[in-house]
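Remarks on the structure that follows.
The values are calculated or read from the model by the stated rules, or taken from the named source; none is laboratory data. Source: prediction; values computed, not measured. All Cβ positions, even for glycine, are placed from backbone atoms using ideal geometry, and neighbour counts span all protein chains on display. Keep in mind that these areas ignore ligands, DNA and RNA; they rest on the heavy atoms of the full protein, side chains included. Shrake-Rupley method; radii C 1.70, N 1.55, O 1.52, S 1.80 Å.
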Amino acid sequence: MDASSAVQFGSLLRDARRRQGLSQAELGGDKYSGSYISHLESGRRVATPEVIEFLSRRLGVSPLEWGVSPQGDPGGLVSSDSIEDLLVAERAWSEHDWAAAIQHSAQAAAIALAAGDTGRHWEALYVQAQARFSSGDFVGAARLAEELAEHETARKFGVARAQALSLASVANRASDHLGWAVALGARAVEAASAAPPIILAEALMALVSAMFEAGHSAEESDPYLLRLAELSPRLNSEHSRGMIAWTIGTAAFMAGKVEVGREHHARAKGPKGQLDARRDLRLWLRFHRSAARCLLDAGIEDGVRDLVRTASLGLEILGNSHDVVELRQVEAKLALLDGDAVEAARIISDVLDDPVLGAADISRGSSEEILAEAFQAMGRTAAARERFELAAREYESEGRLRAAVDAWRKAARQEVPKDFLTTT
């Protein structure tokens, strides 16, 4: 690095440090003094490869963004550091330490990019996208997964492209961008056409789930459900077969085929069920919450309390804010089924008023509709109508058009008392 390059590097380093809100001493940590960082930023000192690597990792910036790269063997130190960070990220992700997983996967990605290791770069970013999704950052996960679908590695390998598109579909569905979720799910299925059965199964599950939430008819989703059912015996993992049984069962419930839904959910659950809590405890807990919701929507109370009790034990601790909201919705619906509309209204009102659970990035449509049903049961027709209308607008913004139409119809059926009309 010559004197001119050192000045340019120093300017870029200063900009990166300021974006992170760090002082020169904070950036140097316990390895380099603040005055040394000042000399680097002014161009009075030339950064060594060791310094460049340290600073890039501290700031989460690839050295290539500064127009430099670490010298020496690109397949030695850099590659091994990339693997080390990636292993730490994957371990943190498995232990639900999402912040550490995101941090180390970002560092692994930066090092891999500097070394020109595109495969490792894609892998590190995919771990980061998974960690963002698990932490509840669905928008960030969706954005990153969509970028990964166009990555150089994804263009070379259909499996990588299919995995990225499947994650993008699931993340868009979770963030209530259902049109995108369906489109990306369809692209995932296409990309996975020649992939191993487990990759195709993941793509099909992403597509089917998005289609049902978006209000597509059973006739539209049936061909994909049939492909899923045909794939199931080809999968080696009981857990993966349990995921398919869960997906098919939920789709059957939503299509009004209650007995078919209960049969598939029973297959997924047990007593020696296919879903394995030891493999993914949070997923296993989510199944119990989902199964309870399906039964309640079908007007069935039998077995619901056990499902809710199991889900509540773990999701309060392991779940993100979206998990807790959906759990509260199930608890409120159970209260309605018990005839306790006041308790149902209290549960949902607490959710909507909570600064975290009622945040703008969490779907409010279902909560507003449940609150409307509680007000309706209490005879508060004016309040019920207002909440049904709010639910309809939320559903429209989320792309749940069938649910929106149903909510508008429920709002229209509310008879507002004459004295209410004369006083307003």
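Scanning region 231-238 finds one or more residues that are open to solvent by less than 20 Å² (accessible area, probe 1.4 Å) and either modelled with pLDDT of 90 or more or of a type outside the set (Phe, Trp, Tyr) (or both).
This table checks each residue for (1) touching a helix residue (DSSP H, G or I) at 6+ places or on another chain (Cβ under 7 Å); (2) in a helix (DSSP H, G or I); (3) free of Cβ contacts under 8 Å to residues at least 24 places away in the same chain.
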{"site": "THR153", "(1), (2), (3)": "yes, yes, no"}
{"site": "ALA162", "(1), (2), (3)": "yes, yes, no"}
{"site": "ASP176", "(1), (2), (3)": "yes, no, no"}
{"site": "GLU190", "(1), (2), (3)": "no, yes, yes"}
{"site": "GLU202", "(1), (2), (3)": "yes, yes, no"}
{"site": "ALA206", "(1), (2), (3)": "yes, yes, no"}
{"site": "ALA210", "(1), (2), (3)": "yes, yes, no"}
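Hey, among SER105, SER80, which residue is farther than 20 Å from GLY140 by Cβ and either at pLDDT below 80 or small (Gly, Ala, Ser) (or both)?
Of the residues listed, the single one that is farther than 20 Å from GLY140 by Cβ and either at pLDDT below 80 or small (Gly, Ala, Ser) (or both) is SER80.
Criterion first (small (Gly, Ala, Ser), without any contact (Cβ under 8 Å) to a residue 24 or more places away in the chain and within 23 Å of GLY314 (Cα to Cα)) does GLY379 satisfy it? Here the answer is no, as GLY379 does not meet what is asked. Annotation: of all residues in region 239-260 being assigned to a helix (DSSP H, G or I) and among the charged types (D, E, K, R), the one that is surrounded by the most Cβ atoms within 10 Å (Cβ to Cβ) is ARG241.
Considering the conditions (1) closer than 18 Å to ALA359 by Cβ; (2) out of contact with any Asp or Glu (no Cβ under 9 Å at 6 or more places or on another chain); (3) in contact (Cβ under 8 Å) with a residue 40 or more places away in the chain, SER169 is excluded by exactly one of them, (1).
Of the residues ASP302, ASP297, ASP338, which single one is within 20 Å of SER363 (Cα to Cα) and open to solvent by 50 Å² or more (accessible area, probe 1.4 Å)?
The match here is ASP297.
Taking the criterion of being farther than 24 Å from PHE212 by Cβ and under 16 Å from the mean Cα position of the chain (by Cα), the residues of region 144-173 that qualify are LEU144, GLU147, LEU148. The residue of region 345-376 that is modelled with the highest pLDDT, among those that are open to solvent by less than 60 Å² (accessible area, probe 1.4 Å), over 15 Å from PHE388 (Cβ atoms) and small (Gly, Ala, Ser), is SER349. Restricting attention to region 198-227 and to residues that are acidic (Asp, Glu) and under 22 Å from the mean Cα position of the chain (by Cα), the residue that is most open to solvent (accessible area, probe 1.4 Å) turns out to be GLU202. LEU315: aliphatic (A, V, I, L, M) and buried (at least 22 other Cβ atoms within 10 Å of the Cβ), yes or no? Against the criterion (aliphatic (A, V, I, L, M) and buried (at least 22 other Cβ atoms within 10 Å of the Cβ)), LEU315 does not qualify.
Of the candidates VAL189, VAL170, VAL159, VAL182, the single residue that is hydrophobic (A, V, I, L, M, F, W, C) and surrounded by fewer than 19 Cβ atoms within 10 Å (Cβ to Cβ) is VAL159.
Looking across region 361-376, the residues that are touching a residue at least 40 places away in the same chain (Cβ under 8 Å), of a type in the set (A, V, I, L, M, F, W, C) and within 19 Å of GLY339 (Cα to Cα) come down to ILE370, ALA374.
Counting the residues of region 377-398 that are open to solvent by less than 10 Å² (accessible area, probe 1.4 Å) and of a type in the set (Gly, Ala, Ser) gives 3. Cβ-Cβ below 7 Å, separation at least six or inter-chain, first residue in region 399-413 and open to solvent by 70 Å² or more (accessible area, probe 1.4 Å), second at pLDDT 90 or above: which pairs? From region 399-413, the pairs are TRP408/ALA392.
If I ask for residues that are without any contact (Cβ under 8 Å) to a residue 40 or more places away in the chain and basic (Lys, Arg), which ones from region 308-360 would you list? Result: ARG309, ARG328, ARG346. Note on region 85-100: among residues that are at pLDDT below 85 and in a loop (DSSP other than H, G, I, E, B), the one that is surrounded by the fewest Cβ atoms within 10 Å (Cβ to Cβ) is GLU95. Hand me the list of helices (runs of 4 or more DSSP H) wholly inside region 1-55 holding 3 or more residues that are touching a residue at least 24 places away in the same chain (Cβ under 8 Å) and open to solvent by less than 70 Å² (accessible area, probe 1.4 Å). The qualifying helices (runs of 4 or more DSSP H) are 3-19, 34-42.
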